[in-house]
């Protein structure tokens, strides 16, 4: 097997806290994250707000600056790319956003929005453009008559399909979806998930899906990385993680998830507090909320490294 | 026994330039003390307007249709005005919304906002109200409540702000809590904690809770009964276990099949076709008809909601045919 499609090594992203006076503190959003995605494979980044999952995705497509690390896409150095080479890389990795209402230009007709990538990357002769747009709309389950409409005429689910069609227009090798269904109603969410599954099968496209909902992730991703305050705490095949989560945070995330099944009894969240954004210096980032029976001084002093066992890696000193 | 709340034939009309729509169209349900009833539906089902109507908080363009009643302990709260209405709102019926950040006053400390509510409804001195505010914040799970009292909303996380909203809601010891998507904006781990808190309050105080949610998963392990709302009407109502174990309306079944599951073997979700219709273009006959996989000739006429089994009502011709 050749090199994976996407390789990320030791990636960190920092933001500066805005302050009225002075420079502001540096706040780490992503710390030392490594990942790989092979062709045709979908990886999910899962975590709650503040976990750094969106920052990581944005860093991969160079929408935010990276403070350390390396990114390689299809063999090319992403961080070194400039001008034409950056444009070529961005064609290969397309991003679909959560809020399709703000991601689409309100003054641009649906057909023009979908055609934009075709024009920028000069993919289709002008005479064939309309036909290609119609094909793309059909591929995402939209009637081609919608091409002449504006985003405001569309429902949330239809707009999300337009966002996907726009991304598909340039035939990317990797589709990055940031919370693609979290703003949608349940019945529409299932439609979009079915569409994404269909695209994976038909196009053999690789995917990176960012989501807070593990049940959603399970529908589309073969592998999952669980993030907490900028760090990866657990990573492995999705079904293996769900069957026996190792990290106490993953366990809490699964225990808190509301499944529509009353026989499960009451969901008892095994957590000591709400999300604390205070990052313990040096120690385990999850320590302030952790209920692991062996939690001790070591967790506060020493940051646990990811350790692999049977295909699943987790970052806890004490394991399950 | 008189139910705590009995809503009958609630209708909300909105006058648009060209037409009048009825986004809440004949909603009836009852709720006992200490009971949690979940009102579940997708956007546009009429959930939030139902909540707002109960407290006469409807937006200006909306109005209640004649014949709508909501009896709180036998008294029609939709007919109340002025001082009498003020004595009900906040005092006997409290409401919490999805976005606690928008519901709190950004320039007052959270403690003062709880204290104000205590003073507005209970005959106490300022010092007593302050002490009660601190103890309420503590009961709602805020660590070091006396310190948190002095903080402003922007200094708290979303989960903490929702705990403050609950402290305000419960400050006057209401009998009924209306919780409109109280956890939808929160992370899943925090969501579970807030729901546990609401549940504890209804068990310990005998508070009646109307829990409004788009998420059947959220209500599954907490609610006693569930009413499913579609296009302004309740299409199915049943005790929670029965609704999930033996859903009878094709919409309820479709909704359950569309929810991705975390536990058990992997099952791909099966999507329902179409989307919730707009109130201006509700289909004639059964409103779910155009999306229904089990549609038959009779669905062109409007089904009534009828008793299907004890405590289980369904608005569908199929269940009538089955009986």
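Each value in this text was obtained by applying a stated rule to the coordinates, not by laboratory testing. All values derive from a computational prediction rather than experimental measurement. Reconstructed Cβ throughout: ideal geometry from the backbone, glycine too, with neighbour counts over all protein chains shown.
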Where does helix A:186-203 land angle-wise versus the long Cα axis of chain A, in degrees 0 to 90, nearest 10? 70 degrees
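Could you please rank B:91, B:47, placing first whichever residue has the fewest other Cβ atoms within 10 Å of its Cβ? Working shown, then result.
On the way: B:91 17, B:47 23.
Ordered by Cβ neighbours within 10 Å, fewest first: B:91, B:47.
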Cα→Cβ-extended label distance, 7 Å offset, between residue A:281 and residue B:184, nm: 4.3 nm
Choice from B:233, B:155, B:113 showing the highest fluctuation, given a GNM over chain B with Cα pairs closer than 10 Å: B:155
Only helical DSSP H runs with n ≥ 4 go in: add -39500 (n - 2.57) per run for chain A, normalise by residue count and round the 222 nm mean residue ellipticity to 500 deg cm²/dmol. -9500 deg cm²/dmol
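Rg to Rh for the protein assembly as shown: what is it, with Cα atoms only and Rh by Kirkwood? Before the final figure, lay out each step's value.
On the way: Rg = 26.0 Å, Rh = 26.7 Å.
Rounded to two decimals, Rg over Rh is 0.98.
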For chain B, calculated [θ]222 nm from helices alone, where every DSSP H run of n ≥ 4 adds -39500 (n - 2.57): -9000 deg cm²/dmol
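I need the semi-axes of the equivalent ellipsoid of segment A:166-320: take the C-alpha gyration tensor, multiply each eigenvalue by 5, square-root it, list largest first in whole angstrom. If you can, show how the numbers build up before the last one.
Values: eigenvalues 191, 71, 41 Å².
Output for segment A:166-320: semi-axes of 31, 19, 14 Å.
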Proxy exposure order for B:266, B:288 (fewest C-beta within 10 Å first) is B:266, B:288
To the nearest 10 degrees, the tilt of helix A:126-139 (Cα long axis) against the first principal axis of the alpha carbons of chain A is 50 degrees
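Quick one: A:300, B:263, fewest Cβ neighbours within 10 Å first, how do they rank? It would help to have the intermediate numbers written out before the result.
Details: A:300 14, B:263 11.
Ascending Cβ contact count within 10 Å gives the list B:263, A:300.
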Using the alpha-carbon atoms, what tilt in degrees (0 to 90, nearest 10) does helix A:110-120 show relative to the longest principal axis of chain A? 90 degrees
Any chance you could check the Cα centroid distance between segment A:29-77 and segment A:78-118 for me, in angstrom? 18 Å
Could you grab the Rg to Rh ratio for chain A? Cα atoms only, Kirkwood for Rh. 0.99
Defining a contact as two alpha carbons under 8 Å apart and six or more residues distant in sequence, what relative contact order in percent does chain B show? 21 percent
Treat chain B as a sphere of radius equal to its Kirkwood radius over Cα pairs and apply Stokes-Einstein at 20 °C in a medium of 1.002 mPa s; give the translational diffusion coefficient in µm²/s, rounded to a whole number. 103 µm²/s
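Relative contact order of chain A: what whole-number percent is it, with Cα pairs under 8 angstrom and at least 6 residues apart?
Working: 595 pairs, mean separation 59.5, N = 320.
Computed value for chain A: 19 percent relative contact order.
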Round to a whole angstrom and tell me the spacing of the C-alpha centers of segment A:279-320 and segment A:170-207. 33 Å
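Over segment A:6-243, what is the percentage of antiparallel beta bridges among all DSSP beta bridges, to the nearest 5? Walk me through the numbers on the way to the answer.
Working: 21 of 39 bridges.
Taking every DSSP beta bridge within segment A:6-243, about 55 percent pair in antiparallel fashion.
How high is the FRET efficiency from residue B:152 to residue B:83, r the C-beta distance, R0 30 Å, rounded to 0.05?
Values: r = 32 Å, r/R0 = 1.07.
So, using R0 = 30 Å, E works out to roughly 0.40.
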Zone residues, segment A:56-82, relative to residue A:3, backbone N less than 18 Å from point 7 Å out along Cα-to-Cβ: A:60-62, A:69-82
Compute the Cα gyration tensor for segment B:40-123, then decide on rounded, prolate or oblate, letting a ≥ b ≥ c be the square roots of its eigenvalues: rounded whenever a/c is under 1.5, prolate when a/b is larger than b/c in the other cases, and oblate in all that remain. oblate
